[in-house]
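The values are calculated or read from the model by the stated rules, or taken from the named source; none is laboratory data. Keep in mind that this is a model prediction, so the values were computed, not measured. Please note: Cβ atoms are built from the backbone with ideal geometry, for glycine as well, and neighbour counts cover all protein chains shown.
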Amino acid sequence: MAMAIALLLLTSAAAAAAAAAAPPIPSSSTTTPATRCPFDLSYVRTIPWDTSLCQRPAAAPHCCQTLTSLFGIGMSQHLRQTSVFELPNANVSAACLADLRTNLAAISIDPSFVPLCFNDSNQFVSSPSSCVGIITAADWISRVGPITPLDANCRGDLSSGLTRCSACFNAGLQVNSQLSSLMPNSTSKCFHFTCMYAVAMVNERGPLDAKTSGCILALPLKSSVGENPNQGKHGKRSELGLVLGVIGGVVGVVIAAVLIGVLWRKRRKRKHDEASHEQFVSSFKSAVLPNSGAKWFQASELEKATDGFSQRNFLGKGAFGIVYKGVLADGRLIAVKEMHDPDSLRDEEFSNEVEIISKIRHRNLLALRGCCVASDAVRGRRRFLVYDYMSNGSLGDHLANDRSRNQLSWPHRKRILLDVAKGLAYLHHGIKPAIYHRDIKANNILLDNEMKAKVADFGLAKQSLEGQSHVTTRVAGTHGYLAPEYALYGQLTEKSDVYSFGVVILEVISGRKVIDSSSSSFLLITDWAWMLLKSGKVEEIYDEAIREEGAKDVMERFVLVGMLCAHVMVGFRPTIADALKMLEGDIDVPKLPDRPSPLSHESFRHSAKSSLYGSSVGSERSKASNTSISSSSTAS
């Protein structure tokens, strides 16, 4: 069983063994005096691991596997003490590997195995690309949740037969599979992280317990730990017993002293963490809440509402957030979005959304019920947004699924588009200063139990400045929905949202993706619809599921309004208020002005190639999709 685990845990060992000619890891004498390993590797000399695996001829493959597990003990202990999975830089990593060589030499193990097995000291250095962006234990919790199969299967004594160890191993595979679903091309480090978290944070015995590491880290142990070679010699056995008794007494006193010191330090650290927590919470309340009037939730209240953020209440995930369904004490259904990225930009977006959406109330805008911030030593800073729960998911959910799209009738589609227009008209003309959403797309249009639409996700929204027709800002939004002048030059006006709304109209009526990447041309939906209109084939634009449902003149009017809103030239686009009147038939749709040839600017081709349908511009964020605030959700 241990070998089976080792083969999975140590996928890089074979490659390392083949690198015999690799440059050596610096010895402790070559590292700078200021560079020290953050954990003590003296356990190499005391833990009862099977040293024979590194002493036999041609032992390199087996020894590399063993040394990787052995070094993993120190890395896991480092995680247990600091809540950080890996080391800060290559110099620190090299210092730790140099310490490993020193301790191996002390027990007559050839230290040259270290550069043979670990030919790249960067392999232990923290990197966002290691495993779905996990750096700390707080990141781990935000990706897989506070409770995983590891908690049920990897606690306590794992040495009582293979059954318990096997159960822990299977739990590790489940969690690794969950992490792999977040990043399909992730490296084997996700499984390494799973093992480290299990032995360091889940199992109370910790990585320095030989039997625990023997199971979880696949460390080969001596076949007869504690065997006495002088068992038949009573005198020596008595002497050994006396010596062990004295040593045990001394060790007991030392352990007691250490425990007292640890408890004192923990108490001091807890007080410091509580002070930091209060400072973070108070700072947020004083800066945001007085200006927004948002309801303040306690973290414990949200944990209770979501049953401890359990996996069965999981709704959706994105690069920077996870959403859970919850039930408040009064029975109201809510969606709780936790923004888990520690980047300061997320603080800006979080505060921005709280300030903006909590001030506005409209039946076609998703209401923010409240927010919460929390901070502790294990999970770090946590930010939550609380919304109404939307039972029918997002418009993007329905359009992306052939079965759901076919069930989306023309009356439903018509009402959804009118609802979105009304919500945008309120943002642009119903309040002052006006608000530009900047990320209008199908995934940010949510549907309640009556299929009424609400515009959601105001993390990128901007308030207009009085007396200015546009502002220049960082480009943010979603490829395919971005207005050309905004995508290319950063010119943001209310017409930028109008362009995105025009794309949504065409997307809803046709059922097509906004970017057709089936060929090398990367055809935009606006260019596709224009070519059909120009050739008199407007009915081919309609989704086959609705071609026979609606009045042809009404459906054509919606297509024309969509084309007008999504015109390349800003001056030809109507305001959202006029677009709404056109859709409702209150005013006529003007003759469509000519459009240039299909967009072929290099930036558009590059953007299309580097993004999937509906993916957000990476320069600003790729945040958790608001489709998650529903029962059927996908990442943004």
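Rundown of residues vs (1) of a type outside the set (A, V, I, L, M); (2) assigned by TED's automatic domain parsing to the domain that holds T136; (3) at pLDDT 50 or above, yes/no style:
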{"residue": "A14", "(1), (2), (3)": "no, yes, no"}
{"residue": "C37", "(1), (2), (3)": "yes, yes, yes"}
{"residue": "Y43", "(1), (2), (3)": "yes, yes, yes"}
{"residue": "R56", "(1), (2), (3)": "yes, yes, yes"}
{"residue": "L67", "(1), (2), (3)": "no, yes, yes"}
{"residue": "G72", "(1), (2), (3)": "yes, yes, yes"}
{"residue": "R80", "(1), (2), (3)": "yes, yes, yes"}
{"residue": "L87", "(1), (2), (3)": "no, yes, yes"}
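Any residue in the stretch 400-418 that is within 29 Å of the chain's Cα centre (by Cα) and of a type in the set (V, I, T)? No, that holds for no residue. Considering each of L97, L104 in turn, give the residue that is at pLDDT 90 or above, touching an Asp or Glu at 6+ places or on another chain (Cβ under 9 Å), more than 30 Å from E338 (Cα to Cα) and not acidic (D, E). Selected residue: L104, the only one of L97, L104 that is at pLDDT 90 or above, touching an Asp or Glu at 6+ places or on another chain (Cβ under 9 Å), more than 30 Å from E338 (Cα to Cα) and not acidic (D, E).
Would a scan of the stretch 142-152 turn up a residue that is over 22 Å from Q81 (Cα atoms), free of Cβ contacts under 8 Å to residues at least 24 places away in the same chain and buried (at least 16 other Cβ atoms within 10 Å of the Cβ)? Checked against the condition, which is being over 22 Å from Q81 (Cα atoms), free of Cβ contacts under 8 Å to residues at least 24 places away in the same chain and buried (at least 16 other Cβ atoms within 10 Å of the Cβ), the stretch 142-152 yields no hits at all.
One line per residue, one yes/no per condition, for (1) outside the structural domain of I435 (by TED's automatic domain parsing); (2) without any contact (Cβ under 8 Å) to a residue 60 or more places away in the chain; (3) surrounded by fewer than 19 Cβ atoms within 10 Å (Cβ to Cβ); (4) assigned to a loop (DSSP other than H, G, I, E, B):
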| site | (1), (2), (3), (4) |
| --- | --- |
| L482 | no, no, no, yes |
| I509 | no, no, no, no |
| W530 | no, no, no, no |
| E549 | no, no, yes, yes |
